[in-house]
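Chemist: Below you'll find the structure I mean.
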Amino acid sequence: MYSCLTHQEGLHYVLTKNAFLQAPPATLEDCYAVETNWTIEGSTNEYVQSFLHLSLSLPNAKYPVSLAKVRAVTSQRAEDLDIALFPEQADRHSLTDGILDRYPIEWLELLFPNISDKLPRGVRERINGMLRCSTSSSSIVAYLLGLCILYDNADDVIQALHQ
């Protein structure tokens, strides 16, 4: 989250390591503002909203979701949507294509720096790999981004994972 929806402004941040030990007014001279225009665009984007909703909802679930369950659910959903599971399926759309089409690029770059630079192969594999990896997982960010592309909304994701 990079903006205050109440005030419609970008949030501020500090780079010092001891900032959490001080009251916010003590760091006002050393803070930086997040640019407001793209933060508001990002916060109103339905996929960003779904991402944020998921990231707040999943930790509150009654039970953890196993990696095998996530892979089974995501790979089946990707098949249903004709999204490539393997690099060899070049005739299908990839999960990263969907992510780049739907999320604001400035917002994405905070999660995956340089993602707009023709999407480096390593980043592409970390995201697309979530659909097929059953013994090692991608980052939670890759899963959240991908799940928001595969499902219509965060509630559908939660329901699919806990069925």
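Chemist: Using alpha-carbon pairs under 8 Å, 6+ residues apart, how would you state the relative contact order of the chain in percent? All intermediate terms of the calculation are to be shown ahead of the outcome.
Modeler: Working: 162 pairs, mean separation 39.7, N = 163.
The normalised contact order for the chain reaches 24 percent.
Chemist: Something else: Apply the Karplus parameterisation 6.51 cos²θ - 1.76 cosθ + 1.60, with θ equal to phi minus 60°, to every residue of the stretch 106-112 and state each ³J(HN,Hα) to the nearest whole Hz, in sequence, with x for glycine and proline.
Modeler: Listing the rounded values in order: 5, 5, 4, 5, 6, 8, 10 Hz.
Chemist: Taking the highest mean first, how do the peptides 75-88, 53-66 order by number of other beta carbon atoms within 10 angstrom per residue?
Modeler: On the way: 75-88: 15.2, 53-66: 12.1.
Ranked by mean Cβ neighbours within 10 Å, highest first: 75-88, 53-66.
Chemist: Still on this structure, I have one more. Quick one: which residues, 5+ away or cross-chain, put their amide H under 5 Å from the amide H of His93? H built at 1.01 Å from N.
Modeler: Amide H neighbours of His93, under 5 Å, 5+ apart: Ala84.
Chemist: Using each residue's phi in the stretch 54-68, evaluate 6.51 cos²θ - 1.76 cosθ + 1.60 at θ = phi - 60° and report the 3J(HN,Hα) Karplus result to the nearest Hz, with x for Gly and Pro.
Modeler: For the stretch 54-68, the Karplus-derived couplings read 4, 5, 8, 7, 4, x, 8, 5, 5, 10, x, 9, 6, 4, 4 Hz, x marking Gly and Pro.
Chemist: State, as an integer percentage, the relative contact order of the stretch 4-62 based on alpha-carbon contacts under 8 Å between residues 6 or more apart.
Modeler: Working: 34 pairs, mean separation 21.3, N = 59.
For the stretch 4-62, the relative contact order is 36 percent.
Chemist: May I pose another question? Mind computing the radius of gyration and Dmax over the alpha-carbon atoms of the stretch 1-64? Å is fine for both.
Modeler: 14.8, 44
Chemist: Plugging the Kirkwood radius over Cα pairs into Stokes-Einstein for the chain, at a temperature of 37 °C and a viscosity of 0.692 mPa s, what D comes out in µm²/s?
Modeler: Working: Rh = 17.3 Å.
Calculated translational D: 190 µm²/s.
Chemist: Apply the Karplus curve 6.51 cos²θ - 1.76 cosθ + 1.60, θ = phi - 60°, to the phi angles in the stretch 22-34 and return the couplings in whole Hz, x for Gly and Pro.
Modeler: Whole-Hz 3J(HN,Hα) from phi for the stretch 22-34: 10, 6, x, x, 6, 10, 4, 6, 10, 9, 10, 9, 7.
Chemist: For the stretch 37-99, what is the accessible area per residue in Å² when the probe is 1.4 Å? Working shown, then result.
Modeler: Details: 3670 Å² over 63 residues.
Here the per-residue accessible area is 58 Å².
Chemist: Can you give me the long-range amide H partners of Asn45? Hydrogens built in the peptide plane at 1.01 Å from N, cutoff under 5 Å, separation of 5 or more residues or another chain.
Modeler: none
Chemist: In nm, to one decimal, how far is the modelled label at Leu100 from the one at Ala26, with both set 7 Å along Cα→Cβ?
Modeler: Going from the Leu100 label point to the Ala26 one covers 4.5 nm.
Chemist: In whole percent, and with a 1.4 Å probe on the protein chains, what portion of the accessible area of the chain is carbon and sulfur? The partial results should precede the final answer.
Modeler: On the way: 5310 of 10010 Å².
Ligands and nucleic acids excluded, carbon and sulfur reach 53 percent.
The values are calculated or read from the model by the stated rules, or taken from the named source; none is laboratory data. Given the structure is predicted, the values throughout are model-derived calculations rather than measurements. All Cβ positions, glycine included, derive from the backbone under ideal geometry; neighbour counts span all protein chains shown. Quick note on the areas: whole protein, heavy atoms, side chains included, nothing else; ligands and nucleic acids left out. Shrake-Rupley method; radii C 1.70, N 1.55, O 1.52, S 1.80 Å.
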